[in-house]
Amino acid sequence: MAINIRCQKCTADIKLTSKKCSKCGAPVPKNKKYRVIVRLNGKRITKTVNNLELAREIEGKLKVDNARGEFDVKKKGPAVSLQEFWDKKYLPWMKENKKSWYVDQCNFNKHISPALGKKALDQITQFDIEGFVLSLKKERNKLGKPFSAATIKHQLILLNRILNIALQWGDFAGQNPCKRVDKPKLNNTIVAYLSDDEITSLVNVLNEWPDLIPAAIIRFALFTGVRRSEIFKLEWRDIDADRQTVTLRDPKGILDQVLPLSPQAMEVLENVPREFDTPFIFYSTNGAKRATIRHTWTKIKEAAGLPKSFRFHDLRHNYASHLVSNGVSLYAVQALLTHKDEIGRAHV
């Protein structure tokens, strides 16, 4: 068994300690490729990789396989594919243990399965995952734009979680190859906030906006800091007009929460049109539960002259910042936001 550097000029093998190729004299390149060479049962097997650590791991695995053959060690059956593990084990388990399982399902079906679904769990390597990340960087979303670093990072987090669970359940042995893959770095310290003039401009546009429901959604988010997904599923039964409160049922990761509503938020609710016999406050077509506001939000931002980088979710950060700047304690803001991890980011 041996690990050599592969000469990129003549493809000959160079010893790890050599500085140039003994066959053609070319210097050892900076971007080295390593070739693992081993003979198993009379057959010569070679593997070429870009990382010395990975080459040594492959060599170690081949040594173990060789020892098993030599001493007639009984081998386990082949590991199932990533797709089979997802379908038969992970997805059913996730449906019982994670509220937002459908988001993971969409990400797996769209990104991970086409790239890695057919590979056996114990055959997924760091090289495979690096290639998966590279392909995501080259792809475009449905708007024709490159996938963001956050989107790519989410795929790696999901894949890492799947492989960790597979290891825990004994579906394959070894190490999780995701641990050696660097995740894209995000700039989470930059959060957009609206100035007083920008808030005034936004409110003025909302007052004149012809589509009343999307305008009411944005106004309600501005005055409450409630997440978009929570706003979409709000029903009239969740509002206590006498106490001026709203109940968020089964919000993200916690139990039901009852939050106070400001006079401005109550005014939004009082002016929501009720055109359909529907339980939803901020309904969509024919009274159905709303699924998106993206297109209208973009138009309203442009009309109000808001920065393109300002996201709908930043209304939540803006609300938290406004509370803190008006003397509300961080503990109280945490309770109002119903999410302890967002306090630090909301007041950077």
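The values are calculated or read from the model by the stated rules, or taken from the named source; none is laboratory data. Note that the structure is a prediction, hence the values are computed from the model and not measured. So basically every Cβ, Gly included, is an ideal-geometry build from the backbone, and we count neighbours across all protein chains shown. Please note that ligands, DNA and RNA were not included when accessible areas were found on the heavy atoms of the full protein model with its side chains. Shrake-Rupley method; radii C 1.70, N 1.55, O 1.52, S 1.80 Å.
Being more than 23 Å from ILE58 (Cβ to Cβ) and modelled with pLDDT of 90 or more, is that true of even one residue in region 121-131? So far as region 121-131 goes, no, none of its residues is more than 23 Å from ILE58 (Cβ to Cβ) and modelled with pLDDT of 90 or more.
Among the residues of region 161-187, write down those that are among the β-branched types (Val, Ile, Thr) and in contact (Cβ under 8 Å) with a residue 60 or more places away in the chain. Lay out the reasoning, then the answer.
Let us first name the residues in region 161-187 that are among the β-branched types (Val, Ile, Thr), namely 162, 165, 181.
Correct list: ILE162, ILE165.
Filter region 116-134 down to residues that are under 11 Å from PRO78 (Cβ atoms) and of a type outside the set (A, V, I, L, M) and give me whichever is most open to solvent (accessible area, probe 1.4 Å). Ranking the qualifying residues of region 116-134, first place goes to GLN123. For region 93-101, does any single residue satisfy the condition of being open to solvent by less than 60 Å² (accessible area, probe 1.4 Å), under 18 Å from ASN176 (Cβ atoms) and under 18 Å from the mean Cα position of the chain (by Cα)? Yes; the residues of region 93-101 include at least one that is open to solvent by less than 60 Å² (accessible area, probe 1.4 Å), under 18 Å from ASN176 (Cβ atoms) and under 18 Å from the mean Cα position of the chain (by Cα).
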